[in-house]
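The values are calculated or read from the model by the stated rules, or taken from the named source; none is laboratory data. Keep in mind it's a predicted model, so treat the numbers as computed, not measured. A quick note on method: Cβ atoms are made from the backbone with ideal geometry, for glycine too, and the neighbour counts reach across all protein chains shown. Each accessible area value is taken on the protein alone, full model and side chains, heavy atoms only, with ligands, DNA and RNA left out. Shrake-Rupley method; radii C 1.70, N 1.55, O 1.52, S 1.80 Å.
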Amino acid sequence: MCDDRSRLLHKLQAEDFAVYEAVLYLDGHPDCRHGLAYYHRHRETAMRLRAEYEKKYGAITNTSVCDASHFGWIDGPWPWEKEAN
């Protein structure tokens, strides 16, 4: 069964992968306009999806925890655990 949380996480993972691959390409071709546009497009999408995911389901990384009174990162399930997907 593939629920909204899983779909959203998989979309985010795909965008993060595209960003990572674009960075590797741009390391060797830093002046490529098309590569840079690709990077920015996928980076913006990844940022939007990450914000949406975290608003609905909580922090996706330990650096995303914003609550000053509780370190909710440990309140699982964590994104990579089967229960979260």
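Scanning the range 1-20 for residues that are surrounded by 12 or more Cβ atoms within 10 Å (Cβ to Cβ) and over 15 Å from T45 (Cα atoms) yields R5, S6. Among the residues of the range 21-32, those identified as within 21 Å of the chain's Cα centre (by Cα) and either surrounded by 13 or more Cβ atoms within 10 Å (Cβ to Cβ) or within 17 Å of M47 (Cβ to Cβ) (or both) are E21, A22, V23, Y25, L26. Among residues of the range 9-36 that are within 11 Å of L49 (Cα to Cα) and of a type in the set (K, R), those with a Cβ under 8 angstrom from a residue that is assigned to a helix (DSSP H, G or I) and modelled with pLDDT of 95 or more, sequence gap 6+ or separate chain, pair up as K11/L49.
Report, by residue number, each residue of the range 18-70 that is among the hydroxyl-bearing types (S, T, Y) and either at pLDDT 95 or above or assigned to a helix (DSSP H, G or I) (or both).
We begin by selecting, within the range 18-70, every residue among the hydroxyl-bearing types (S, T, Y); these are 20, 25, 38-39, 45, 53, 57, 61, 63-64, 69.
Residues satisfying the conditions are Y20, Y25, Y38, Y39, T45, Y53, Y57, T63, S64.
Residues in the range 33-68 that are of a type in the set (A, V, I, L, M, F, W, C), open to solvent by 50 Å² or more (accessible area, probe 1.4 Å) and within 12 Å of the chain's Cα centre (by Cα): M47, A51.
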